[in-house]
Amino acid sequence: MSADDPTQEVSSLVAAGIERIAGSATSEEVRAIHAELLGKRSRLAELKAGMRDMDPQDRKDLGAELNRTRIELERAVDARIAELASEERRVLLAAERLDLTEFQGHVDPGHVHLVTQTWERLEDVFVGMGFTVATGPEVETDWFNFEALNLPPSHPARSLWDTLYLDTSDLPGVGDQQLLLRTHTSPVQVRTMLRSVREGDGPPIYVVCPGRTYRQDTADATHLPVFHQIEMLVVDRGITMGDLAGTIETFTKAYFGAELTSRLRPSYFPFTEPSAEVDISQPDGSWLEVGGCGMVHPNVLAACGLDPEEWSGFAFGFGIERLAKIRHGLGDIRDLITNDMRFLEQF
Ligand code: PHE
C-alpha cells in the first residue's frame with residue numbers, strides 16, 4: 001500500500017474490509033466494520049478529505065474509486081447480513097424442531113392378536129371359497145338369539161346356552177323386549193335371511209358371520225365367557241347334507257392343510273335338522289370338536305320369511321379360539337386373554 005497512491009489505498013482498504021465482513025459472525029459485527037471503514041475518523045474519510053488538495057485528474061480518479069468501493073462495500077454488507085439472517089433462522093428452526101421420529105426403531109410397534117389373525121385368516125379362506133362376510137350386533141333380542149332359531153321361550157334346549165340377560169327395567173324405550181348378550185353368531189343368520197327377503201329377491205345366500213359371543217361361563221382351559229365364533233350360512237335351491245360335508249372338508253383342508261380331515265357326528269341343535277358336531281383330526285390321530293352344523297330347520301326358514309318347500313340350506317358355527325388352539329397347538333385357551341407378552345409374541 002502506498003501513501004502516494006490514494007486510489008490504490010482505497011481499494012486495498014475496502015478489499016480488506018470486505019474480507020472481514022465475509023468472515024464476520026453476526027450482523028452487528030458487519031455493521032460495526034462498515035461504520036469503522038466509513039466513519040468520520042476513518043482512513044477513508046481522511047483520504048476523501050484530502051481530495052480538495054489534489055490536482056483535478058487525481059481527484060477525479062480517487063472520487064470514482066471511492067464511489068465504486070462504497071457500492072461494493074454496501075453490497076457486501078447487505079449480502080452478509082442476509083446470509084447471517086438465514087443462518088440464524090436455520091439454527092433457530094433446528095433448535096425448536098420436535099423430533100417425532102426419535103423413538104423409531106426403539107419401540108416395538110406390536111402386532112395383531114392371534115384371535116384377530118385367526119379371524120382374518122378364516123375370512124380370507126371363506127371369501128376365497130366365494131362367501132361374503134356379514135355381521136350383526138352383540139346385544140340381541142331374545143327373538144333373534146333364540147325364538148327365530150326355533151327356540152320358543154319354554155324350550156328346554158335353551159339351557160344349552162348359559163345366557164347373560166340384560167336388566168333393562170330402568171331403560172326407557174326398550175319395552176318388554178328381553179335383551180341379552182348373544183350366545184352365538186346364529187342370530188346373524190336370521191338377520192341375513194330377513195334382509196335378503198326385505199332388500200332383494202331372497203336367496204341364494206352364501207355368507208360367513210364372524211363375531212364376539214358371550215356365555216355365563218367360568219374360564220377354563222377350553223372355555224372363555226367371552227369368545228368368538230364364525231358361522232356359515234348357505235340357502236339356495238336343492239342344498240343337501242352332502243354340500244355341507246363337502247364344504248366343511250374343503251374348509252378344513254384350506255385352513256389346516258391337506259393332511260387334516262373332518263368328520264360329522266350326529267348331534268342336536270334346535271335350529272338345524274339333521275344336526276352334527278364337527279370334529280377335526282389331530283396329527284396324533286385323535287379328534288377335536290370345533291363346532292356344530294346341520295341343515296337349516298324348516299321352522300327357521302319360515303320364521304325368516306322363506307318357504308321351506310322352495311329353499312333349503314345348511315349352517316355351521318365354529319369357535320375361533322378353538323380353531324386357533326388346534327392350528328397352533330395351544331395348551332390353555334386362557335393364555336389368549338392374559339396379556340402375557342411371552343405367549344403373544346410367539347404368533
Ligand atoms: N350356534 C351353535 C352354537 O353356538 C353352533 C351351530 C351353528 C350349530 C350353526 C349348528 C349350525 O352352539
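Note on Lys60: aspartates and glutamates with a C-alpha under 19 Å away, same-chain residues under 8 apart excluded, are Asp4, Asp5, Glu9, Glu46, Glu72. This ranking places Tyr165, Tyr268 by how few other beta-carbon atoms lie within 10 Å of each, fewest first, which gives Tyr165, Tyr268. Phi angles across the range 83-98 convert, under the Karplus curve 6.51 cos²θ - 1.76 cosθ + 1.60 with θ = phi - 60°, into 3J(HN,Hα) values of 4, 5, 5, 6, 5, 4, 5, 5, 5, 4, 4, 5, 6, 8, 5, 9 Hz, Gly and Pro given as x.
With charges only on Cβ, +1 for K and R and -1 for D and E, what is the dipole size of the range 253-347 about its Cα centre, in debye, rounded to 20?
In debye, rounded to 20, the range 253-347 gives about 260.
Antiparallel as a % of all DSSP beta bridges within the chain, to the nearest 5? In the chain, DSSP labels about 95 percent of beta bridges as antiparallel.
For Thr261 and Arg342, what does the FRET efficiency come to when R0 = 41 Å and r is the distance between their Cβ atoms, rounded to the nearest 0.05? It comes out at approximately 0.80. Ordering Thr168, Thr183, Thr101 by the number of other Cβ atoms within 10 Å of each residue's own Cβ, fewest first, gives Thr101, Thr168, Thr183.
So how do Met232, Met341, Met51 line up by other beta-carbon neighbours within 10 Å, fewest first?
Met341, Met51, Met232
Under the criterion of Cα pairs below 8 Å and six or more residues apart, the relative contact order for the chain equals 14 percent. Extension gain for Ala85 to Asp236 (0.36 nm times residue separation, less C-alpha to C-alpha distance): 46.6 nm.
Each helix, a run of at least 4 DSSP H residues, gives -39500 (n - 2.57); summed and divided by the residues of the chain, these come to -13500 deg cm²/dmol at 222 nm.
Under the classification rounded if a/c is under 1.5, otherwise prolate if a/b is larger than b/c and oblate if not, where does the range 1-51 fall, given a ≥ b ≥ c as square roots of the Cα gyration tensor eigenvalues? Note, shape of the range 1-51 comes out oblate. When you count the other C-beta atoms within 10 angstrom of each residue and take the mean per peptide, 127-139, 294-306 line up highest first as 294-306, 127-139. Once the Cα atoms of helix 6-22 and of the chain are each reduced to a long axis, what angle between those two axes, in degrees from 0 to 90 to the nearest 10, is obtained? The answer is roughly 20 degrees. Take every Cα pair under 8 Å whose residues are at least 6 apart in sequence, average their separation, divide by the length of the range 148-262, and the relative contact order is 20 percent. Were the residues from Glu273 through Val127 laid out at 0.36 nm apart, the gain over their Cα-Cα distance would be 49.9 nm. For the chain, modelled as a GNM whose springs connect Cα atoms under 10 angstrom apart, the maximal fluctuation among Leu47, Leu98, Leu260 occurs at Leu47.
Extension gain for the segment Arg198 to Asp307, taken as residue separation times 0.36 nm less the Cα-Cα distance, is 37.8 nm to one decimal.
Counting only lysines at least 8 places from Lys325 when in the same chain, those with an alpha carbon closer than 19 Å to its own are Lys253.
We did not get these values from a lab; they are worked out from the coordinates using the rules stated. Because the structure is predicted, anything quoted here is derived from the model rather than measured. Positions of Cβ are generated from backbone atoms using ideal geometry, with glycine treated the same way; all protein chains shown enter the neighbour counts.
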